Amino acid sequence: MEDWRRGRSAFWLIGLGPTVWLVLFFLLPLTIVWLYSFAELRGVVDMEVTGTLSNYARALDPLYLEVFGKSLVFAGITTGVSLVVGFPVALAIVFATPRWRPVLLLLVILPFWTNLLIRTYALIAVLRVRGFANFTLEWFWEQSTTLLSLLGLGSYQLLGERFEPLELLYNNTAVIIGLVYVHLPFMVLPLYAALEKLDRSLIEAALDLGASQWRAFLTVVVPLSMPGIISGAILVFIPALGSFLTPDLLGGTDSQMIANVIERQFKSANDWPFGAALSFLLMYLTFAALALRAVFARNAGGL
Amino acid sequence: MARTPIGPLEYTRRTWMRLTLLATFVFLYAPIVTLVAFSFNDSRRNIVWRGFTTKYYEKALGNSDLIEAFVNSLTIALLSTVIATVLGALTALLLWRFRFPFKAGYEGAMALPIVIPEICMGVAMLAFFAKVGWPSGLPWPLSLSAIIIAHVSFSFPFVAVVVRARLAGFNQELAEAAQDLGASEWRVFWDVMVPFMRPGLVAGALLAFTLSLDDFVITFFTSGPDTVTFPVKVYSMVRFSVTPEVNAASTVLIVLTVVLTGIALWMQFRQEKKSS
């Protein structure tokens, strides 16, 4: 690597374009929003940057604190479910035969390359009242009822008079399902990377010394794959926290997340200063999550 | 083939492991597969199979709004990819080649578009274009300029990451040899650096292209009534109803991105084979 003073003309030639672009079309827009977060509304669309903190104070209103809390809980549950589902999947891929490994890995990555909106839309078709999930459940219901009547229990109607489709869409559960559906590959890939590097003889040693599979998993595999677990958790948690589309399309009126509130301030409520404050609070939460990861990484490195 | 007993570490051969794997893949693929399958279903109700038809593809093709949105999306993706690839490659070169003051801060700023939530970037772009009074109602390709700029801003740091990973494997002696043989700095750049970076450039460009084609949130905040992209159009359609037409249009987009990704993976695979 050479010092920039040794090749000034090349340095400027290479660096000028991207730097100007970043400043003009990224940092400047962010600064404008940051300034707006300290502004007051004057009339319908006019704003004046007065340095007020009232927008941030308003975010502490119980109504909005609840939205923040809900977003954190949704992102947290999504991370937990992805970890529980993703760990066996990653483990199965790592211990698959070499011929199958790239195929399974590709199968995990492939949905990630499909448009997010289309995947969410596909989920709507599966989860709605007249959707495939209920269709499948109804089929099972009919089979069981037939079976019961064959057994002579038909007159008791143990499973109810008729099939009641479940309300799977437009509620908090749908949002969690949607978030896990979208973010699962982000969890599996870092776990796979961590587990692949794991020295298998360590598991064998634990098993030889009489540990059960479960004990070997908890005391050997999990601690050694901690960097992968942390990376995966952060990679799922951060985008899940700022999700807009999933709660918007799959959620009900009470499953709005921060991004939905921000969108409303900018698109329909026309309260840009408040929306700006909320979006910076969301950004600070994201940075906090990243900082936490850095702390974990340092601790893991120090061991 | 003789069935050998399952070894203690052969987790993938255990039944419950296989069931977990199967259930996960069903969860990941069932929605997409049903979406594609029912774009060929001869029924508006979209739930029972009533025979094969391509009429929803014809209908989608006849929907001029949808076609216009599709053309807009491809144009935006193409133009923003070109700009993002150039800027990303330059960023990678800068960070790879030079030591300079506040480099860590510079790298942090470059990583910002990757880490900040999409919604924050979307509202920032909305506020920016409103503040500077970006002209609307320009003739066609120029009317997309705001969206193209926004897409370049979030995709070029991704390109930079990919190209920089490629540059990490560069043997500095190659450039020095060329210089010793009398090549100018410019010549070294075109004849040594660019050919070496090519696989990274291609992978980065394909990444930028799919990112642009996929983006909904940021586009949602920068598009106007005359500059609707495909995801924005689908969003407005989905809000009203689930129709086989949307399925057909989505299938086309899925096929397009899967093919592009396939090409990218294949090129990467070929490159790895060549270098090993």
Number of positions in region B:73-111 that are closer than 21 Å to residue A:290 by Cα and more than 7 Å from every other protein chain (Cβ to nearest Cβ): 8
Tally of residues being without any contact (Cβ under 8 Å) to a residue 12 or more places away in the chain, open to solvent by 30 Å² or more (accessible area, probe 1.4 Å) and in a helix (DSSP H, G or I) across region B:83-102: 3
Residue under evaluation residue B:257, criteria (1) more than 30 Å from residue B:93 (Cβ to Cβ); (2) open to solvent by less than 30 Å² (accessible area, probe 1.4 Å), criterion not met: (1)
Test: residue A:220 is open to solvent by less than 10 Å² (accessible area, probe 1.4 Å), in contact with a Leu (Cβ under 6 Å, 6 or more places away or on another chain) and in the same structural domain as residue A:77 (by TED's automatic domain parsing): no
Residue, farthest from the other protein chains (Cβ to nearest Cβ), within region B:19-40, restricted to residues that are surrounded by 15 or more Cβ atoms within 10 Å (Cβ to Cβ) and over 19 Å from residue A:123 (Cβ atoms): B:40
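Can you name every one of the helices (runs of 4 or more DSSP H) wholly within region B:134-247 that holds 2 or more residues which are within 29 Å of residue B:39 (Cβ to Cβ) and not basic (Lys, Arg)? Break it down into steps so the answer makes sense when it comes.
On the way: elements: B:140-143, B:145-167, B:172-180, B:185-188, B:194-214, B:217-222, B:230-240.
In region B:134-247, the matching helices (runs of 4 or more DSSP H) lie at B:145-167, B:194-214, B:217-222, B:230-240.
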Number of the condition not met by residue B:172 [criteria: (1) touching a residue at least 24 places away in the same chain (Cβ under 8 Å); (2) open to solvent by 70 Å² or more (accessible area, probe 1.4 Å)]: (1)
Among residues of region A:247-266, those that are at the interface with chain B (Cβ under 8 Å from one of its Cβ atoms) and either farther than 30 Å from residue A:42 by Cα or open to solvent by 20 Å² or more (accessible area, probe 1.4 Å) (or both), counted: 2
Unmet criterion (only one of (1) surrounded by fewer than 23 Cβ atoms within 10 Å (Cβ to Cβ); (2) assigned to a helix (DSSP H, G or I); (3) not β-branched (Val, Ile, Thr)) for residue A:232: (1)
Any hit, region A:93-105, residues being more than 30 Å from residue B:266 (Cα to Cα) and either within 9 Å of chain B (Cβ to nearest Cβ) or assigned to a helix (DSSP H, G or I) (or both): no
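Determine, yes or no, whether residue A:269 is out of contact with any Pro (no Cβ under 7 Å at 6 or more places or on another chain) and over 22 Å from residue A:192 (Cα atoms).
On the way: out of contact with any Pro (no Cβ under 7 Å at 6 or more places or on another chain): yes; over 22 Å from residue A:192 (Cα atoms): yes.
Answer is yes for this residue.
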Flag if residue B:64 is exposed (fewer than 15 other Cβ atoms within 10 Å of the Cβ), over 20 Å from the mean Cα position of the chain (by Cα), among the polar types (S, T, N, Q) and modelled with pLDDT of 85 or more: yes
Helices (runs of 4 or more DSSP H) enclosed by region A:1-84 - at least 1 residues per element that are open to solvent by 40 Å² or more (accessible area, probe 1.4 Å) and within 29 Å of residue B:94 (Cα to Cα): A:8-22, A:28-36
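Looking for whichever is within 15 Å of residue A:79 (Cα to Cα), within 12 Å of chain B (Cβ to nearest Cβ), aromatic (Phe, Trp, Tyr) and in contact with a helix residue (DSSP H, G or I) (Cβ under 6 Å, 6 or more places away or on another chain) here; the options are A:186, A:237, A:244. Which one fits? It would help to see each step written out before you state the result.
Details: A:186 fails: within 12 Å of chain B (Cβ to nearest Cβ); A:244 fails: within 15 Å of residue A:79 (Cα to Cα).
Testing whether each residue is within 15 Å of residue A:79 (Cα to Cα), within 12 Å of chain B (Cβ to nearest Cβ), aromatic (Phe, Trp, Tyr) and in contact with a helix residue (DSSP H, G or I) (Cβ under 6 Å, 6 or more places away or on another chain) leaves just A:237.
The values are calculated or read from the model by the stated rules, or taken from the named source; none is laboratory data. Worth saying up front: this structure is predicted, and the values here are computed from it rather than measured. Every residue, glycine among them, receives a Cβ derived from its backbone with ideal geometry; neighbour counts consider all protein chains shown. Surface accessibility is based on the protein's heavy atoms, side chains included, excluding ligands, DNA and RNA. Shrake-Rupley method; radii C 1.70, N 1.55, O 1.52, S 1.80 Å.
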